[in-house]
Amino acid sequence: MTDDANNSENIGGPLASYEEARDWITGLVRFGIRPGMERVNALLERLGNPQRRLKFIHVAGTNGKGSVCAYLTHTLLQSGYDVGTYTSPYITKFTNRFQYNGSDIEETILLKLANELKPQVEDIAGSELGSPTMFEVSTVLAILFFSREVYPDYVVWETGLGGRMDVTNIVTPVVSVITNVGHDHMDILGDSLSDIAREKAGIIKPGVPVVSSVEQPEAIEQVRLAAKLNRSTLYLLNEQFSLATGTIQENEQSFSFAGPFRALDELTITLSGAHQRKNAALAVMTLEVLRQYYALVIEDDDLRKGLRNAVWPGRLETVSQSPRILLDGAHNPEGAASLAAALRETYKYDRLHLMMGMLSNKNHRDTLRHILPLVNTLIVTEPDFRKKMDADGLAELVREVANPLDFELVIEPDWRKAVLLLQEKTAPEDLAVVTGTLYLIADVRSRLLNNSDSEKGW
């Protein structure tokens, strides 16, 4: 028997509550991130390969996946389709990851499906494959939910990490979507943008159209090569489709879309930042492909309403007006660049007070270079997570990047006290921003919105 099997908890016993089911699944995180398809293949084979009964829109990329999923989900719902949505990480509660028509999976259904999966997972754990991971079990549970409980017309399916060896790549979608490529998870995906792009492009399947907003030449080269090898038609931003910026104001902006099939003027979104205009245009092109290939019916009015209604927590989200506090999970250099651009382009303020907490495994130096030139006050803190970067270490990195310091640097390891400091420093004409890992964003968001039902995590 393997070590994984010996470590399994509650072997043989049924799970009695939602909390037990959630804890059992999230407890599998101890088996880490183990790219590969062997365990998920074995699990789905035992269950009769239910993924084959579903139509997936598979979304990969470094940043913007969640926002693109939100645009797609809201527009399809507005058009009368039943939609399943699988995303990660979650900001409020574990059930957020599994949604049908915009609502979380019911706790009783999650418990039932977890109890169906548990003996299969434990059986595989006792084999040479070792235990399925937390993300593998979550992904299979999502497939069971969509294929046996709710039967959506489409499943908006977000990649967890990378693409080629990501567990979500077990499906064959009706369209593949790649948002962008940036410096994230380089310890797993590769040292260069070309390597990372190659992994993301691994979601491209033979004959399945692919839509992408990647922009770096080396990333485009990898996506184009994968599309060619798979004989998949590629729709690329600034080649087959484009956008033109319209009006920009806080919490609302517009753009025009031009694609190979038609053009659309004055599309409005409420998510802020230039990157969100690209994300929305990418979603529009994806829907256009579905209209052409699969006779998807979406009226222009429904498209406009769907885009406008799309929301995505923790991404340039205003959670307080007095003082004015913005949350943005900019945890890598590309995310920080987008945040900095939005702060320059969209928001008006006298002074900027920024609170940041990071994990220990990120490319923080380049992230800081994007954001530090804008701040008047920087409060460094620590997320409530085992892989956190300590506040003193982050502060030392800040001093190295911004030498000399031309802003106030405050070190407060307790994120709750850091929030109070942030609130105290933010005058009526100022702007406060909380950024960094989504583990920190989840906690701060729950605190500021008085959400007592919070369970943050992956």
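The values are calculated or read from the model by the stated rules, or taken from the named source; none is laboratory data. Keep in mind that what you see is a predicted model, and the values were worked out from it rather than measured. Every residue, glycine as well, gets a Cβ built from its backbone with ideal geometry; the counts of neighbours run over all protein chains shown. Just so you know, the surface numbers come from the protein's heavy atoms only, side chains and all, with ligands and any DNA or RNA stripped out. Shrake-Rupley method; radii C 1.70, N 1.55, O 1.52, S 1.80 Å.
3J(HN,Hα) along segment 202-214, derived from phi through the Karplus expression 6.51 cos²θ - 1.76 cosθ + 1.60 where θ = phi - 60°, amounts to x, 7, 5, 10, x, x, 8, x, 10, 10, 8, 10, 5 Hz, with x in place of Gly and Pro. Nonpolar atom fraction for the chain, defined as the carbon and sulfur part of the 1.4 Å probe accessible area, stands at 46 percent. About its Cα centre, the dipole of segment 368-458 is roughly 280 debye, where the only charges are +1 on Lys and Arg Cβ and -1 on Asp and Glu Cβ. In the assembled protein chains, LYS65 presents an accessible area of approximately 30 Å² (probe radius 1.4 Å).
Taking a ≥ b ≥ c as the square roots of the eigenvalues of the alpha-carbon gyration tensor, segment 99-231 is classed prolate because a/c is 1.5 or more and a/b outweighs b/c.
Under a 5 Å amide H cut-off, with hydrogens placed 1.01 Å from N, ASN180 pairs with THR62, ASN63 among residues at least 5 apart or on other chains. Roughly how many Å is it from the Cα centre of segment 290-321 to that of segment 227-271, as a whole number? Each part reduced to its Cα centre gives a spacing of 13 Å. When peptides 306-317, 97-108 are ranked by their average number of other Cβ atoms within 10 Å per residue, the highest-first order is 306-317, 97-108.
Which value, in debye to the nearest 20, gives the size of the charge dipole of the chain about its Cα centre, when Lys and Arg are +1 and Asp and Glu are -1 at the Cβ?
880 debye
The packing ranking, built from the mean of other Cβ atoms within 10 Å per residue, places the peptides 402-412, 261-271, 440-450 in the order 440-450, 261-271, 402-412, highest first. In summary, the aspartates and glutamates within cross-link reach of LYS93, defined as a Cα separation below 16 angstrom excluding same-chain residues under 8 places away, comprise GLU19, GLU20, ASP23, ASP104, GLU106, GLU107, ASP384, ASP443, ASP453, GLU455.
Could you point to the residue in PRO119, THR172, VAL156 farthest towards the positive end of the chain's charge dipole, with +1 and -1 charges on the Cβ of Lys/Arg and Asp/Glu respectively? With unit charges placed on the Cβ atoms, the residue in question is THR172.
With charges set only on the Cβ (+1 for Lys and Arg, -1 for Asp and Glu), what does the dipole of segment 234-326 come to about its Cα centre, in debye to the nearest 20?
Once rounded to the nearest 20, the dipole reads 240 debye.
Projecting each Cα onto the charge dipole of the chain (Lys/Arg +1, Asp/Glu -1 at the beta carbon, about the Cα centre), which of PRO428, VAL444, VAL40 comes out farthest on the positive side? My answer, from the dipole projection, is VAL40. Estimated from helices alone, the mean residue ellipticity of the chain at 222 nm is -12000 deg cm²/dmol (sum of -39500 (n - 2.57) over DSSP H runs with n ≥ 4, per residue).
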